[in-house]
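To start, the structure under review is shown below, and the notes come after it.
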Amino acid sequence: MSEVKRKRSSIPWGLIFNLCIIGLTIGLIVFFIFSKDGLIDLLNSGLKINVFWLILALAMHLLNIGIDATIIYLFVRRSTPAFTPWNALVVSMVGQFYCAVTPSASGGQPMQILTMTRQGVKGANGSAALIQKFLVWQFVLTSYSIAAMALRFSMFVQSLDFAMWVLTIVGFLVQVLTIVLLLLASYSKRTTFKVIGGLYKLLGKMRILKNVDEKLKKLDGTLTSFHDCNKDLNKDKGLVVEVYVLTFIQLTALFLVPFCIARSFGQDGVGMFDMICAQSFVSMVSGLVPLPGGSGAAEYCFSAFFSAAFNEQMIKSAILIWRTMTYYLTIMISLPFAAVRKKKAGEDESKNSSKAKPLAG
């Protein structure tokens with residue numbers, strides 16, 4: 001039995017999962033290029049693509065990355081004056097890469113913290129900066145979602161099937177629930193601990209969650225850190241305004257990419273605000289799928305929410321260009337930063353493990 005268990009556990013499920021994702025990604029790219037009404041058919045149709053708008057779309061995404069690095073710099077320099085804009089750009093690129101290649105973007109922040117510690121930033125200060133950044137990002141993103149739901153929901157519902165309509169509602173409720181929990185954690189640590197702790201205990205009784213006591217201790221530490229970070233952030237009113245404005249510009253730039261692509265295809269009649277709201281819905285729904293980059297879900301959501309902006313001959317090419325700019329290109333330009341950090345991190349871990357062996361004995 002023990003040999004059978006060892007054989008089962010030796011199956012490289014992580015590698016198999018990654019290969020499946022790579023296969024899915026390559027399959028989608030090939031489909032959008034070579035299938036009927038794909039990119040090749042669009043180019044052969046004689047449609048003149050306005051390169052200026054494509055360059056502007058790319059500039060919007062690069063602006064998004066630049067602002068991300070700027071916000072990291074603004075937060076970290078408060079505790080670490082030696083932290084430079086270049087350091088912030090490296091941290092941002094590391095986060096971009098690991099958010100893109102890990103399920104639910106779960107690898108981004110841990111690798112950013114590791115990168116900052118190698119740059120001379122204390123782990124606690126780096127964690128605090130990223131918590132503050134996440135807080136601001138989530139508030140602005142939820143505000144965008146609420147505005148889109150309130151102002152343009154009826155327009156999109158008319159063109160959605162039932163499954164996508166349900167996913168849109170679920171995505172919106174998840175955003176609202178997240179912001180409610182953030183508010184509770186920011187201003188009432190005790191209430192938040194009771195709510196989440198009660199859920200942990202319930203899952204423990206149902207034998208779904210193990211080591212409940214240990215997880216409660218970690219929860220208490222996390223909530224304490226989050227609460228303290230929010231109090232610290234609110235002391236600097238000027239910084240609060242600055243990062244909220246920058247985050248709003250960052251999200252707007254990211255959400256403008258599809259609008260620029262539509263204009264490059266000669267779709268002059270599309271409304272800018274409608275396109276921004278549509279992209280807000282795409283981000284809200286595709287974020288529910290726990291796959292790297294929301295592979296498959298992002299493309300499907302784009303086709304659903306932008307069906308009014310792109311006709312059948314354009315939609316596949318629009319999806320391909322959008323994903324290339326905002327996802328595949330991001331992976332390519334951030335890979336050199338991530339590859340260096342990953343190698344060094346491995347070296348550090350081997351050193352730490354060798355030092356820890358006597359203690360373990």
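Is one or more of the residues making up region 92-100 touching a residue at least 24 places away in the same chain (Cβ under 8 Å), in contact with a Pro (Cβ under 7 Å, 6 or more places away or on another chain) and either aliphatic (A, V, I, L, M) or surrounded by fewer than 23 Cβ atoms within 10 Å (Cβ to Cβ) (or both)? Spell out how you get there, then give the answer.
We begin by selecting, within region 92-100, every residue touching a residue at least 24 places away in the same chain (Cβ under 8 Å); these are 92-98, 100.
Those left that are additionally in contact with a Pro (Cβ under 7 Å, 6 or more places away or on another chain): 100.
The next check asks that each one be either aliphatic (A, V, I, L, M) or surrounded by fewer than 23 Cβ atoms within 10 Å (Cβ to Cβ) (or both); those that pass are 100.
Yes, region 92-100 has at least one match.
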| remark: The residue from 177, 182 that alone is closer than 17 Å to residue 131 by Cα, part of a helix (DSSP H, G or I), modelled with pLDDT of 75 or more and of a type outside the set (D, E, K, R) is 182
| remark: Result of the Cβ filter at 6 Å on region 211-240, keeping first residues that are over 14 Å from residue 193 (Cβ atoms) and partners that are modelled with pLDDT of 80 or more, at least 6 apart or interchain, is 229/128; 229/131; 229/132; 233/132
| field | Count - residues of region 113-124 that are surrounded by 18 or more Cβ atoms within 10 Å (Cβ to Cβ) and touching a residue at least 40 places away in the same chain (Cβ under 8 Å) | value | 4
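Does residue 273 qualify as being among the aromatic types (Phe, Trp, Tyr) and either within 30 Å of residue 200 (Cβ to Cβ) or modelled with pLDDT under 85 (or both)?
no
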| query | Would a scan of region 190-212 turn up a residue that is assigned to a helix (DSSP H, G or I), among the hydrophobic types (A, V, I, L, M, F, W, C), at pLDDT below 80 and within 27 Å of the chain's Cα centre (by Cα)? | reply | no
| note | When region 310-340 is checked residue by residue, the ones that are crowded, with 21+ Cβ neighbours inside 10 Å and at pLDDT below 85 are 338
| query | Any idea which of (1) out of contact with any Lys or Arg (no Cβ under 8 Å at 6 or more places or on another chain); (2) free of Cβ contacts under 8 Å to residues at least 24 places away in the same chain; (3) among the β-branched types (Val, Ile, Thr) is the one residue 176 doesn't satisfy? | reply | (2)
| task | Identify, by number, the condition in (1) closer than 21 Å to residue 29 by Cβ; (2) outside any loop (DSSP other than H, G, I, E, B) that residue 246 doesn't meet. | result | (1)
| field | Yes/no for residue 82 being modelled with pLDDT of 90 or more, of a type outside the set (Lys, Arg) and surrounded by fewer than 18 Cβ atoms within 10 Å (Cβ to Cβ) | value | yes
| Residue check for residue 168: surrounded by fewer than 21 Cβ atoms within 10 Å (Cβ to Cβ) and either among the hydroxyl-bearing types (Ser, Thr, Tyr) or modelled with pLDDT of 85 or more (or both) | no
| Hits in region 148-165 - residues which are within 12 Å of residue 307 (Cβ to Cβ), at pLDDT below 75 and in contact with a Phe, Trp or Tyr (Cβ under 9 Å, 6 or more places away or on another chain) | 156, 159
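Is region 239-258 home to any residue that is at pLDDT below 90 and more than 27 Å from residue 149 (Cα to Cα)?
Of all residues in region 239-258, those at pLDDT below 90 come to 239-240.
Now restrict to residues that are more than 27 Å from residue 149 (Cα to Cα): 239.
Scanning region 239-258 turns up at least one residue that is at pLDDT below 90 and more than 27 Å from residue 149 (Cα to Cα).
Residue-by-condition table, conditions (1) without any contact (Cβ under 8 Å) to a residue 40 or more places away in the chain; (2) closer than 22 Å to residue 272 by Cβ:
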residue	(1), (2)
134	yes, no
144	no, yes
167	no, no
171	no, no
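The values are calculated or read from the model by the stated rules, or taken from the named source; none is laboratory data. This structure is a prediction, so every number in the text was calculated from the model and none was measured. Positions of Cβ are backbone-derived with ideal geometry, glycine not excepted, and every protein chain shown enters the neighbour counts.
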